[in-house]
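Accompanying notes for the structure given below.
The values are calculated or read from the model by the stated rules, or taken from the named source; none is laboratory data. Every value quoted in this text rests on a predicted model; they were computed, and no experiment measured them. Just so you know, the surface numbers come from the protein's heavy atoms only, side chains and all, with ligands and any DNA or RNA stripped out. Shrake-Rupley method; radii C 1.70, N 1.55, O 1.52, S 1.80 Å.
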Amino acid sequence: MRDISTAAPARRLRLAAGLMIPLLAACASEGGDAPATAPVPVVSAPQRLAERLPAQAASFQRGTTASIDQPLPGVEVPYSTQGRTAAGFVQVLRPPSVAPPDGPGSLVVQEEYQRVVAAAQRGSGPHRRLRLVQESDQPPGAPLFRCADLEGAYGRTAVTSTTCVGAAGGQLLRLRVSMPRRDPPAADPRAFIRDIAEALRRGG
């Protein structure tokens, strides 16, 4: 015969354990890293936001930050893979007017995106031009950037380039990754963009 006195407490223990699991998960998320959709705190200057950029993003290593004046005042942080088979940068720029909200949706971001994509396709000469292959918001689900995948040639070298414009922390962002075109690719631009976005949201 089943012992009723022990069965009921056992059921209560299993029920309590089942309720505790989601509660513990919620507590862990509240006390851990910022979620992927967290807004980036507004900063007073591009240099302050650039401090959040990581030492490594995907297979790219960070280089030395430099001040720039064009296309807007700000800083440029170079990145490259081992042997510089792929290279890129993240520029943090002071916006020309009101601070844009995070992401690719503001007018200042859209205008700058159209400008840089047009310049890339126009090129600096007949042997240095790219064509647009695909456009997307990156990273998926919680984008900070509007990105264009391009390909073409620099002289005799076939290349691919991913160019992005976005906003975070009240600053304008520009990002680019370029590499020789080959299969498999020398690096993953999507992983680089994802790690940059996560670092900006989490503080490095």
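Over all pairs of different C-alpha atoms in the range 142-204, the reciprocal of the mean inverse distance, the Kirkwood hydrodynamic radius, equals 12.8 Å. Between ARG48 and ARG62, the contour length at 0.36 nm per residue exceeds the Cα-Cα span by 3.4 nm. Each Cα pair under 8 Å and six or more residues apart adds its separation to the average, and for the range 102-168 the resulting relative contact order is 35 percent. Overall form of the range 82-126: oblate. Here a/c, set by the Cα gyration tensor axes a ≥ b ≥ c, is 1.5 or more, and a/b is not larger than b/c.
Dividing the convex hull volume of the alpha carbon atoms of the range 45-177 by its residue count gives 111 Å³ per residue. Across the protein chains, with a 1.4 Å probe defining accessible surface, the residues ARG201, ARG94 rank ARG94, ARG201 from largest area downward.
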